[in-house]
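Let me begin by presenting the structure, written as structure tokens, before commenting on it.
No lab work stands behind these numbers, since they all come straight from the coordinates. Model, not experiment: these values are computed from the prediction. Using ideal geometry, Cβ is built from the backbone for each residue, glycine included, and neighbour counts are taken over all protein chains shown.
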Amino acid sequence: MTDEERLKRLLQDDWPDEEDTGITARQLAAWRVPQPTAAETTQLVERLQTELPRRSLWDRIGEWWPLLLLRAQIRIVRREIWAASALVMVLGVITTLGTEFGSGLTPLAILAPVAAAAGVALLYDGDLALVFELEDATPASLRRLLLARLTLIFGFNLGLSLAGSMILAVLKADILLWPLVLSWFAPMVFLSALAFWLSVVSGDSVAGMVFSLLFWGGHVVLRTTPISSPLLHALSLPGLGDVNARPMLVGAAVLLLAVGLWMVGRMERRIGDAG
Amino acid sequence: MALARLVERHHSLLLGFLYRMTGDRALAEDLVQETFVRVLRGIRQYDYPRPFKPWLYSIATHLARDHYKRAEMRYTVLMLEDAAEEEMDAPEERLLLDGAARQVAVAITQLPDHQREAVVLRYYQELSLAEIAEMMQVPVGTVKSRLSLGLKRLREVVVEQE
């Protein structure tokens with residue numbers, strides 16, 4: 001489209017009653033203006049360099065891409081997950097304050113892994129069509145997006161659990177902070193990774209959540225019940241609460257997470273190939 | 001790199017706009033630089049995803065108004081007619097004001113400031129009516145009426161010349 005045609009169209013939009021906008025369009029198009037050369041543009045850019053706002057260290061940190069990704073993902077993660085995790089942790093703290101648990105697991109240590117595992121399982125939810133549309137529309141890979149969300153949810157639950165543990169350590173003389181943290185940390189990590197892996201394998205976040213919570217629930221129940229049966233003893237997964245097994249649980253969690261992310265990446269590539 | 005891209009994208013059109021506002025290339029270049037300087041200094045006040053172009057031209061328009069409000073800097077093509085040819089910077093500047101171009105330049109410069117701005121922003125910078133309204137802080141209806149009056153006047157001058 002020539003300048004004259006473009007101007008004529010604009011004039012016809014604004015001046016619908018005018019019979020002949022051609023003359024005016026022609027005249028307007030005739031008024032040319034000087035064009036800067038490439039060298040002049042480059043010189044202008046150089047002169048403007050000194051005016052660039054100086055970015056503080058905080059600005060630079062804030063623009064680091066993993067942080068930007070996390071901030072963007074916060075808006076996409078379902079609000080119910082944050083609220084439910086907070087509620088469960090508060091419940092854990094309150095019941096721990098109000099009960100005598102002897103040398104067994106505190107309610108917080110029981111509930112902290114539950115909240116984390118449920119939240120993590122719900123991240124990989126195939127019903128979130130809008131989220132997947134957004135993921136398809138962005139250059140970020142599904143793995144990276146899921147890892148960002150895992151970091152957010154797990155980090156949120158970890159922070160809440162730590163805060164709850166500190167409150168309990170302050171308010172209850174018989175609770176020591178470090179042992180309390182260790183009592184829930186390894187199970188939380190393992191169950192979260194298990195819930196994620198099961199969600200990926202089954203393609204169903206509810207299945208992932210249910211199975212991982214069944215494992216944990218079974219362990220807690222059977223742990224507090226005197227067991228004579230070897231089968232039940234095995235089903236109680238004693239390793240989940242064993243102090244010596246904690247490093248292995250964390251290692252197993254890392255493995256489950258890595259395998260889950262790898263599987264997600266393979267599914268993404270297959271979808272891409274089919275498209 | 002972002003700065004270079006920003007300047008490359010807007011330099012030519014901005015220079016054209018300020019040249020049409022002031023009639024003086026050297027002054028237009030100074031104002032282009034000043035516009036970009038103000039953009040960089042005020043970049044923290046710019047809220048994305050607000051459109052950038054109206055904000056840019058709002059700054060440029062204010063700068064141009066500050067200059068042509070001063071009587072000695074009032075733009076007129078007639079001043080260039082009196083200037084000796086050798087005072088013009090380059091041959092292309094003489095060509096820019098030949099014939100039909102001179103007619104429309106004279107007509108537009110004779111318009112009241114608000115009408116001139118509306119006409120140049122609409123037809124040369126291709127801003128929408130809503131964008132011009134936001135820039136000028138007036139209703140869209142006012143922009144339409146300024147354009148209508150400006151174009152009528154322009155048409156009268158053009159027809160007279162023809």
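Give me the distance in nm between label points sitting 7 Å out from Cα along the Cα-to-Cβ direction at A:E5 and B:D113, one decimal.
For the pair A:E5/B:D113, the computed spacing is 3.9 nm.
What does the structure give for A:45-53 when I average, per residue, the other chain Cβ atoms found within 10 Å of the residue Cβ?
Mean inter-chain Cβ contacts per residue within 10 Å come to 5.
As I understand it, the value is the acute angle between the Cα axis of helix A:3-14 and the longest principal axis of the Cα atoms of chain A; what does it come to in degrees, rounded to 10?
Helix A:3-14 sits at roughly 70 degrees to that axis.
May I ask for the angle, rounded to the nearest 10°, between helix A:205-224 and the longest principal axis of chain A, with both axes built from Cα atoms and the value confined to 0 to 90°?
Value to nearest ten degrees: 20.
Residue by residue through segment A:24-30, which ³J(HN,Hα) values in whole Hz follow from phi under the Karplus form 6.51 cos²θ - 1.76 cosθ + 1.60 (θ = phi - 60°), with glycine and proline marked x?
Using θ = phi - 60°, the values come out as 5, 4, 5, 5, 4, 5, 6 Hz.
Under unit Cβ charges (Lys, Arg +1; Asp, Glu -1), what dipole magnitude, rounded to 20 debye, does chain A have relative to its Cα centre?
My answer is approximately 1380 debye.
As a test of the formula, what do you get for the protein assembly as shown when each DSSP H run with n ≥ 4 contributes -39,500 (n - 2.57) and the sum is divided by the residue count, at 222 nm and rounded to the nearest 500 deg cm²/dmol? Don't jump to the answer; show the numbers that get you there.
On the way: 22 runs with 325 residues, N = 437.
Calculated from helices alone, the mean residue ellipticity at 222 nm is -24500 deg cm²/dmol.
Determine, for each peptide in B:7-13, B:38-44, A:253-259, B:59-65, the mean count of other beta carbons within 10 angstrom over its residues, then list the peptides with the highest first. Please list the in-between numbers first.
Numbers: B:7-13: 18.0, B:38-44: 13.7, A:253-259: 16.4, B:59-65: 20.1.
My ranking of the peptides, most packed first, is B:59-65, B:7-13, A:253-259, B:38-44.
Quick one: how many lysine pairs does the protein assembly as shown have with C-alpha atoms less than 28 Å apart and a gap of 8 or more or different chains? Give me the count, please.
For the protein assembly as shown, qualifying lysine pairs total 9.
Partner chain Cβ atoms within 10 Å, averaged over the residues of A:20-28 - can you pull that number for me?
Numbers: counts 1, 2, 0, 4, 9, 1, 3, 14, 12.
The mean count of partner-chain Cβ atoms within 10 Å per residue comes to 5.
Give the angle, between 0 and 90 degrees and rounded to the nearest 10, that separates the Cα long axis of helix A:177-202 from the longest principal axis of the Cα atoms of chain A.
60
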